[in-house]
Structures are given as structure tokens and as C-alpha cells.
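Colleague: I have a structure I would like to understand better, so I am pasting it below and will then ask my questions one at a time.
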Amino acid sequence: MNASSELEKETTEIEQNNAQDEQTVINYLNTHPDFFNHNPSLLANIKIAHNSGSAISLIERQVDILRQQNKQQKIQLAELFEIANENEQSNQKIHKLILALLDSKNLSTSEKALTKVLCNDFSVDAISLRVFVEPKTKQAQQFFIAKDSPVANQLDKLLYTRKPQCGYFKNLHLEELFAEQAESLASFAVLPLFVEKNNCFGVLIMGSHNIRRFSADMGTLFLERMSESISHILISFVKK
């Protein structure tokens with residue numbers, strides 16, 4: 001064996017021994033977490049490289065880590081407060097919507113209440129309310145569409161999951177659903193109206209001028225709760 005090979009072997013053995021020694025220290029400290037409590041003087045002598053390149057004591061390093069963790073926790077707490085505030089505002093709006101619908105006497109007054117609250121408080125620009133079951137009052141016949149009509153057939157493709165669908169649906173008969181407002185609307189939320197899952201009696205469509213207002217990838221849990229609340233009120237205005 002030449003001198004170069006012997007040197008490489010010795011270097012490898014030293015590295016292996018150092019690694020074993022480090023692991024021994026790690027194992028010891030893991031099993032004796034109070035070690036520095038009994039040897040506080042060591043803390044002041046231990047130096048750890050700081051991000052700036054200068055050496056700091058272990059205590060200073062721990063304090064720095066705690067500051068960073070505290071800062072991150074404050075950010076997370078602020079985010080949670082913001083989410084809680086948004087949820088509270090949404091709950092208040094839903095409460096207002098339900099109260100307005102409870103004062104309604106038929107589909108006509110319900111449609112007016114939905115338009116007022118949704119457009120004023122939910123950033124909606126237009127709504128379209130349609131039912132597949134005949135209304136109880138003749139004054140609300142304009143909301144009825146037969147299940148075998150072209151409009152109903154297109155809506156059925158969106159309603160079969162019984163979950164709200166969001167996006168832009170170019171195949172819908174938007175002119176018939178929104179009249180002159182159709183051309184200016186860029187995104188929609190289609191809410192099925194049902195109490196029994198296999199018996200969808202209508203649909204509420206909310207339209208927006210903003211293409212991102214009802215994007216296809218947005219969460220729909222809030223819309224599901226809205227759909228359930230509206231359905232349980234409007235079901236009383238159609239024939240069974």
C-alpha cells in the first residue's frame with residue numbers, strides 16, 4: 001500500500017470516528033435533555049454560526065429562534081383572526097338573507113328579496129330564479145320552466161351532482177335566463193334547489209361581471225349552505 005492510500009484510509013477512519021462521536025453526543029443529549037441545566041457554564045462557551053457569519057452563543061441562538069417562532073405565530077394568529085372575521089361577516093349576511101326570505105309570501109317576493117340582498121351584500125350583479133315545479137300562485141308563472149325544455153336540459157347537466165357549480169357556462173341559454181343582462185355577465189354560480197336529494201325542484205343562478213368572482217376552482221361549501229337554506233324556504237311556494 002502506497003503512502004497516498006494509507007493517508008486516504010486514515011482520513012476515512014478519522015471521519016468515521018468523528019461521526020460516531022457526534023452520534024454518541026446526540027444520543028446522550030436526547031436521553032438527558034436536562035444536561036445543560038446541570039452544566040450551565042457550557043452554554044456560554046458553545047458558539048453557533050449566525051446567518052450573518054459571526055459566532056453567537058447557544059443562548060443567543062435559542063433566543064433568536066424563539067423570536068422567529070414568535071413572529072411566525074403572530075402572523076398565523078393574525079391570519080386566523082382575519083378568517084374568523086370573514087366567517088362572521090358571511091354568517092351575518094346569510095342571516096340577513098334568511099330573514100328577508102322568511103318575510104316573502106311567494107316566489108315573486110322571494111325573487112325580489114334575493115336580488116336585493118345578494119346584489120347589495122354578496123357582490124352579485126344579477127340573479128335568475130327558476131323552478132321545475134309549477135308555482136302555487138299564477139303571479140309567479142314566469143319562474144316556471146318545463147323539465148323537458150332546452151333550458152331545463154342544459155341546467156340538468158349542471159345540477160345532477162346536487163352541488164353548486166361555478167364558472168362560465170356558455171352552453172346555457174343565458175339570454176332566456178338573464179334577458180338583457182346576459183351579455184355583461186362573465187361568471188356564474190349555479191345553486192340547485194332541493195330538500196330531497198333526488199327531487200331538485202329549481203335552481204338559483206348568480207351572475208357577476210367579474211370573471212374571477214365565481215371561478216371554477218373556488219370552494220363551494222358556503223354556497224352549499226346557502227343553497228340548503230334557500231331551498232327549505234322556497235319549497236313552500238311550489239306545488240308538491
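Just so it is clear, none of the values below were taken in a lab; they were calculated from the coordinates. What you see is a predicted model, and the numbers here were worked out from it, not measured in a lab. So basically every Cβ, Gly included, is an ideal-geometry build from the backbone, and we count neighbours across all protein chains shown.
Colleague: In Å and from the alpha-carbon atoms only, list the Rg and Dmax of the stretch 159-240.
Modeller: For the stretch 159-240, the Cα radius of gyration and maximum Cα-Cα distance read 13.1, 37 Å.
Colleague: Provide Thr31, Thr220 in ascending order of the number of other Cβ atoms located within 10 Å of each residue's Cβ, fewest first. Display every interim value, and only then the final one.
Modeller: Values: Thr31 8, Thr220 16.
The most exposed by this proxy come first: Thr31, Thr220.
Colleague: Within the stretch 105-199, how many Lys pairs sit with Cα atoms under 18 Å apart, leaving out pairs fewer than 8 places apart on the same chain?
Modeller: Close lysine pairs under the 18 Å cut-off: 11.
Colleague: With charges only on Cβ, +1 for K and R and -1 for D and E, what is the dipole size of the stretch 106-237 about its Cα centre, in debye, rounded to 20? Intermediate values should be presented prior to the final figure.
Modeller: Details: 14 positive and 14 negative charges, 51 e Å.
Result for the stretch 106-237 is approximately 240 debye, rounded to the nearest 20.
Colleague: Can you sort Leu191, Leu158 so the residue with the fewest Cβ neighbours within 10 Å comes first? The partial results should precede the final answer.
Modeller: On the way: Leu191 26, Leu158 20.
So the ranking, lowest neighbour count to highest, is Leu158, Leu191.
Colleague: Test of understanding: ordering Val133, Val203, Val124 by Cβ neighbours within 10 Å, fewest first, what list do you get?
Modeller: Values: Val133 17, Val203 24, Val124 21.
Sorted ascending by nearby Cβ count, the order is Val133, Val124, Val203.
Colleague: Looking at the P(r) of the stretch 85-240, how many percent of alpha-carbon pairs lie beyond 28 Å?
Modeller: Working: 1450 of 12090 pairs.
Percent of Cα pairs beyond 28 Å in the stretch 85-240: 12.
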